[in-house]
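The values are calculated or read from the model by the stated rules, or taken from the named source; none is laboratory data. Worth saying up front: this structure is predicted, and the values here are computed from it rather than measured. FYI the Cβ positions are ideal-geometry reconstructions off the backbone, even for glycines, and counts take in every protein chain you see.
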Amino acid sequence: MSSDAVVLDVVVPAYNEALRLPDTLILLRAALADLGVPCRVTVVDNASTDGTAEVVTGAPSGPVPVRLLWCAEPGKGFAVRTGVLASDARYVGFCDADLATAPDTLGQVLSLLVEGADAVVGSRAHPESVVQERHSLLRRWGAVAFRGAVRQVVRGVGETQCGFKFFRNDVARRSFAPLRCGGFAFDVEVLGRAERTGARLVEIPVNWVDVPGSRFSPARHGWQSFVDVAKISWRLRRVEVAPAMPLPVVALPVGTDVTGGAATVGLRP
């Protein structure tokens, strides 16, 4: 691997995030610059109707480049998949555009991956996590019930829904390429597939703040998430547990236009 090859690529799925992205990019790029290795931020515009794309292409140049990808298929899971499968970095993962999970643990994430972890999963259920939330009692009980349902699919971690997960590249490709669930339960399918291919998941504590403006609505998305978990469980019953085998990194046939330190990858239909 050349000295300037990307070591860690952080995918940020974004749907109408023009207001939050400027601060997010500043904080995330600063945290990555502190790691001392070549890193990149990849923002995936999930068919936004605001100025999300313009914020990314207008980001100033710096030691951590920013790349913009386009995903027309609605759904956070599909947006993350687009970024993951387009990555040539040694390690790739994702965080949310609101940075509800502080990026101050990225150093720990990278160390664990270098030391041999196949995937590092941020978890609010970890006993050492610091969680500041303003959720209603109904949503908290719903989260408890959801975790109970998820344990039938993912057994290696205590919580699957914190938007802060990182993988060895070949493990990420193997887990994301066959993804069928694009909704809020996509993490369950990704981690379930990773476990069934023999990946070693390491759960870490996070500093997490309930940021206003979440797109998850218990009334609109809660029941669908339980349905999605049931579908995921059914699909994964047919996936045999096997030792992890490295997959080749395949370059996607896309053009890249670098402007102002931000690369726009032409994935528009």
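A few notes on this one:
- Filtering region 6-28 to residues that are hydrophobic (A, V, I, L, M, F, W, C), assigned to a loop (DSSP other than H, G, I, E, B) and farther than 21 Å from Glu73 by Cα leaves Val6, Val7, Leu19.
- Here Phe94, Phe78 are screened, and the one residue that is among the aromatic types (Phe, Trp, Tyr), touching a strand residue (DSSP E or B) at 6+ places or on another chain (Cβ under 7 Å) and modelled with pLDDT of 95 or more is Phe94.
- Only one entry in Phe176, Phe184, Phe164 is of a type outside the set (A, V, I, L, M), touching a residue at least 60 places away in the same chain (Cβ under 8 Å), in contact with a helix residue (DSSP H, G or I) (Cβ under 6 Å, 6 or more places away or on another chain) and over 14 Å from Lys231 (Cβ atoms), namely Phe176.
- Yes/no for Thr24 being touching a residue at least 24 places away in the same chain (Cβ under 8 Å), surrounded by fewer than 24 Cβ atoms within 10 Å (Cβ to Cβ), within 18 Å of the chain's Cα centre (by Cα) and within 15 Å of Asp96 (Cα to Cα): yes
- Considering region 34-82, and only residues there that are in contact with a Pro (Cβ under 7 Å, 6 or more places away or on another chain) and in contact (Cβ under 8 Å) with a residue 60 or more places away in the chain, the residue that is farthest from Phe164 (Cα to Cα) turns out to be Ala72.
- Spans of strands (runs of 3 or more DSSP E) in region 109-212 with at least 2 residues touching a Gly at 6+ places or on another chain (Cβ under 9 Å) and closer than 22 Å to Arg90 by Cα: 119-123, 164-168, 201-205
- One residue stands out in region 114-146 among those that are modelled with pLDDT under 70 and among the small types (Gly, Ala, Ser): the one that is farthest from Ile204 (Cα to Cα), namely Ser136.
- Matching residues in region 34-55 - criterion: being of a type in the set (A, V, I, L, M, F, W, C) and over 16 Å from Cys95 (Cα atoms): Leu35, Val37, Ala47, Ala53, Val55
- Tallying residues that are in contact with a helix residue (DSSP H, G or I) (Cβ under 7 Å, 6 or more places away or on another chain) and at pLDDT 90 or above within region 196-228 yields 8.
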